[in-house]
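Let me begin by presenting the structure, written as structure tokens, before commenting on it.
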Amino acid sequence: GLSNYRQAVFATPAVWCNGVTITDTGGTAGDYTDNQYYVRTLIPSQPQKKIRLTFSAFNLEEDYDFLTIYDGPNVDAPEYGSYTGTFISSPIESSSPDGALTVKFFSDQGITASGYVATVSCLQNLGVDNFATDIDFTYSPNPTTGSVSILSNTEMKDIAVYNVQGQLLYRSKNNGLDKFVDLSAFASGTYFFKLNFATDKQVNFKVVKN
């Protein structure tokens, strides 16, 4: 279990869109400590924005200490990547409907290192109903009381459905050209669909469940 780990608590949510710098608990100059585990969620402080993380330094004990980044407001969101050693993908941008990223840090007992330094910025979040111009697809009915039918002329690689809090509720891979997504068990409300196509194009749209 994690009972032996020190948990860092970040009590004050930052105004992330103002160019805040985040670091490990050792700051920009010191090392992080052993036995750490913490989760930090970065949610845009302005509407219609999404978080971008740009790393200027990254050094963790390879294969023992990890920084994991999730594409959404919690660790249930899709994992963007788990990084160790001295390489991290940068910049990292949220594609979650709420524009959030979640950062999870873990260090074991033993060796520590200088950690990470990243700048948080905000970009315009196209959010919902932004369609790639060369993708021909339809979805219906909307609103729906149950299922949504998606038909496409381009192979759909990945379909994800989120609620308005940005929580991933449904995911399906390798969907071909047509897909029924059953929302009948979901509560009434608005749901965000994210489609990734085999051409690496992505579209987002929203569906209302009655």
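The values are calculated or read from the model by the stated rules, or taken from the named source; none is laboratory data. Please read all numbers here as calculations on a predicted model, not as lab measurements. In this analysis, Cβ positions are derived from the backbone assuming ideal geometry, glycine residues included, and neighbour counts consider all displayed protein chains.
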Problem set entry | Residue list for region 131-142, restricted to those being exposed (fewer than 15 other Cβ atoms within 10 Å of the Cβ) and at pLDDT 75 or above | ASP136, THR138, SER140, PRO141, ASN142
Seminar exercise, completed: Quick count over region 113-130, residues being over 24 Å from TYR191 (Cα atoms), surrounded by fewer than 20 Cβ atoms within 10 Å (Cβ to Cβ) and β-branched (Val, Ile, Thr), is 2
For this session: Could you check, for region 91-104, whether at least one of its residues is of a type in the set (Lys, Arg), surrounded by 15 or more Cβ atoms within 10 Å (Cβ to Cβ), within 17 Å of the chain's Cα centre (by Cα) and under 19 Å from GLY19 (Cα atoms)?
Result: no
Seminar exercise, completed: Flagged pairs (Cβ under 8 angstrom, 6 or more apart or on separate chains; first in region 101-119, at positive phi; second among the charged types (D, E, K, R) and outside any strand (DSSP E or B)) are GLY110/ASP34; GLY110/GLU61; GLY115/ASP24; GLY115/ASP31
Exercise. Which of the residues spanning region 67-83 are surrounded by 15 or more Cβ atoms within 10 Å (Cβ to Cβ) and in contact with an Asp or Glu (Cβ under 9 Å, 6 or more places away or on another chain)?
Worked result: LEU67, THR68, ILE69, TYR70, ASP71, GLY72, PRO73, ALA77, PRO78, TYR80
Exercise. Any idea which of (1) in contact with a Pro (Cβ under 6 Å, 6 or more places away or on another chain); (2) within 18 Å of VAL207 (Cα to Cα) is the one ALA100 doesn't satisfy?
Worked result: (2)
For this session: Could you tell me which numbered condition THR119 fails, if it satisfies all but one of (1) touching a Lys or Arg at 6+ places or on another chain (Cβ under 9 Å); (2) closer than 30 Å to GLU155 by Cβ; (3) modelled with pLDDT of 90 or more; (4) not acidic (Asp, Glu)?
Result: (2)
Problem set entry | Matching residues in region 143-163 - criterion: being loosely packed, with under 15 Cβ neighbours inside 10 Å and under 15 Å from ASN210 (Cα atoms) | PRO143, THR145, GLY146, SER147
